[in-house]
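The values are calculated or read from the model by the stated rules, or taken from the named source; none is laboratory data. Note that the coordinates shown come from a computational prediction; the quantities given were computed from them, not determined experimentally. Neighbour counts are summed over all protein chains in view; Cβ atoms, including those assigned to glycine, are modelled from backbone coordinates with ideal geometry. Only protein heavy atoms, including side chains, enter the accessible area calculation; ligands, DNA and RNA are left aside. Shrake-Rupley method; radii C 1.70, N 1.55, O 1.52, S 1.80 Å.
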Amino acid sequence: MEKNEELYRIVDALMQEGKGLLAADESDGTAAKRLELAKLPNTQENRRAWREIMLTTPNLEEFISGVIFFDSTIRDTASLGMPFADLVAARGIVPGIKVDKGLVLVENFGEETVTEGLDSLATRLREYHDLGARFAKWRAAFTVTPAPSDEVIMLNAMMMARYAALCQAAGIVPIVEPEVLYDGEHTIEAAQEVTEKVLVWTCDVLERYHVDLKACILKTSMVLAGKKHERSSPADVADATVRTLHIAVPHTMGGIVFLSGGQEAKQATQNMHAIAKLGTQPWRISTSYSRALEEPMLKVWAGKEENIEDAQNVLAHRAHMNGLAQKGMYDESKDI
Ligand code: 13P
């Protein structure tokens, strides 16, 4: 058997046509912002109820191939006592885990950040594997303005390479996520320049550290003008994004998934659709959204028992729309 055969199978399970990932990996702190949309305080009980509503949504497995958990959720159980990781695995959805420990400032580099979490990572990965995780995520973040320094891009790339190699040694598929932030007034050209450099360097360092790209998934931002700039059209986003991927990402990469980054839910769907409409690419491409999947359902739920079914329908609908968009078959007139 080829060394990473099992990892390739996991990549195949994640990168299925018409399906995307659900990034339900908000830290317990960040969960406060989501629960605010449902007008709920950020308690352990509310975090569990929210995740349980999402993960028991009927037919979710038709459009979602993997779910990324945060540490406290993968250790948690749904109300009937089943661990969340087992609950999704029983539905044919691959459980994943966010393993980085967040961003910290890099001394002497202003507001630039590096991602922490390598200490004891090998031990934690063994534990997460025992808990059912078959893929992991590590996120670094870069602003477009000011543009990141070469030193900090390189520092993050090296951290991601070490993380990815440790994951593969532990039988876990790494998702490497160098996010280029959507916040700001920057142009699409400025976003393209930063994204290209970050992706070129990240992929280069992954290869230098002998990460098996076939057993790895890249999670990236779409290339688009900043949130405070006039909105980029889906055609422009698709063109700039695919051009950047062609410049930066080796064709051996197991898959590429997009984060939504604060785009509106429909905007994120339209942009995925426009990318798919450009035709077959060397990589399998899909979505790994958090906010663009979760925010609409949280608003409908509003923390009320009687709204749960409607909230689940909204989540399934968005996942379905993104699944159609991934195939280039999204019809906006049928999107409520
Ligand atoms: P958003 O889709 O909300 O950007 O989240 C994706 C993610 O996983 C960020 O790390």
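I'd like the full set of residues that are without any contact (Cβ under 8 Å) to a residue 12 or more places away in the chain and either of a type in the set (A, V, I, L, M, F, W, C) or outside any helix (DSSP H, G or I) (or both), limited to the stretch 113-159. Asp119, Ser120, listed by residue number. Restricting attention to the stretch 202-215 and to residues that are out of contact with any Leu (no Cβ under 9 Å at 6 or more places or on another chain) and not acidic (Asp, Glu), the residue that is surrounded by the most Cβ atoms within 10 Å (Cβ to Cβ) turns out to be Val211.
Leu218 falls short on exactly one of the conditions (1) within 16 Å of the ligand (Cβ to nearest atom); (2) outside any helix (DSSP H, G or I); (3) open to solvent by 10 Å² or more (accessible area, probe 1.4 Å), and that condition is (3).
When the stretch 280-314 is filtered for residues that are in contact (Cβ under 8 Å) with a residue 24 or more places away in the chain and part of a loop (DSSP other than H, G, I, E, B), the ones remaining, listed by number, are Gln281, Pro282, Trp283, Arg284, Ser290, Ala302, Gly303. Closer than 21 Å to Asp212 by Cα and more than 18 Å from the chain's Cα centre (by Cα) - does that describe any residue in the stretch 176-183? No; the residues of the stretch 176-183 include none that is closer than 21 Å to Asp212 by Cα and more than 18 Å from the chain's Cα centre (by Cα). Against the definition (at pLDDT 95 or above, of a type outside the set (D, E, K, R) and open to solvent by 50 Å² or more (accessible area, probe 1.4 Å)), how does Thr252 come out, yes or no? The answer is yes for Thr252.
Within the stretch 72-91, can one find any residue that is farther than 20 Å from Tyr289 by Cβ, of a type in the set (D, E, K, R), modelled with pLDDT of 95 or more and open to solvent by 40 Å² or more (accessible area, probe 1.4 Å)? The answer is yes; a qualifying residue exists.
Looking at the structure I just gave you, is Ala225 surrounded by fewer than 22 Cβ atoms within 10 Å (Cβ to Cβ), at negative phi and more than 15 Å from the ligand (Cβ to nearest atom)? No. Filtering the stretch 243-297 to residues that are closer than 23 Å to Ala49 by Cα and within 12 Å of the ligand (Cβ to nearest atom) leaves Ala265, Ser288, Tyr289, Ser290, Arg291, Ala292, Leu293, Glu294, Glu295.
If you go through the stretch 270-307 and keep only what is crowded, with 22+ Cβ neighbours inside 10 Å and among the hydroxyl-bearing types (Ser, Thr, Tyr), you end up with Ser286, Thr287, Ser288, Tyr289.
Let's see how each residue does on (1) β-branched (Val, Ile, Thr); (2) closer than 26 Å to Ser65 by Cβ:
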position	(1), (2)
Leu121	no, yes
Tyr128	no, yes
Arg139	no, yes
Leu166	no, yes
Val180	yes, yes
Thr187	yes, no
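Taking Ala240 as the residue in question, decide whether it is away from the ligand (no atom under 14 Å from the Cβ), open to solvent by 10 Å² or more (accessible area, probe 1.4 Å) and not in a loop (DSSP other than H, G, I, E, B). Taking the combined requirement at face value, the residue does not satisfy it.
Determine whether the stretch 258-266 contains at least one residue that is closer than 21 Å to Asp331 by Cα, at pLDDT 95 or above and part of a strand (DSSP E or B). Yes - at least one qualifying residue is present in the stretch 258-266.
Taking Ala265, is it touching an Asp or Glu at 6+ places or on another chain (Cβ under 9 Å), open to solvent by 10 Å² or more (accessible area, probe 1.4 Å) and closer than 27 Å to Asp12 by Cβ? Against the criterion (touching an Asp or Glu at 6+ places or on another chain (Cβ under 9 Å), open to solvent by 10 Å² or more (accessible area, probe 1.4 Å) and closer than 27 Å to Asp12 by Cβ), Ala265 does not qualify.
The number of residues in the stretch 145-163 that are of a type outside the set (Val, Ile, Thr), more than 16 Å from the ligand (Cβ to nearest atom) and under 29 Å from Ala133 (Cα atoms) comes to 6.
Here Leu103 passes the criteria (1) in contact (Cβ under 8 Å) with a residue 40 or more places away in the chain; (2) within 16 Å of the ligand (Cβ to nearest atom); (3) hydrophobic (A, V, I, L, M, F, W, C); (4) surrounded by fewer than 20 Cβ atoms within 10 Å (Cβ to Cβ) except the one numbered (1). For the stretch 8-54, the set of residues classified as without any contact (Cβ under 8 Å) to a residue 24 or more places away in the chain and of a type in the set (Asp, Glu) consists of Asp12, Glu36, Glu45, listed by residue number.
Screening Ala164 on (1) buried (at least 24 other Cβ atoms within 10 Å of the Cβ); (2) assigned to a loop (DSSP other than H, G, I, E, B); (3) among the small types (Gly, Ala, Ser) shows it passes everything except condition (2).
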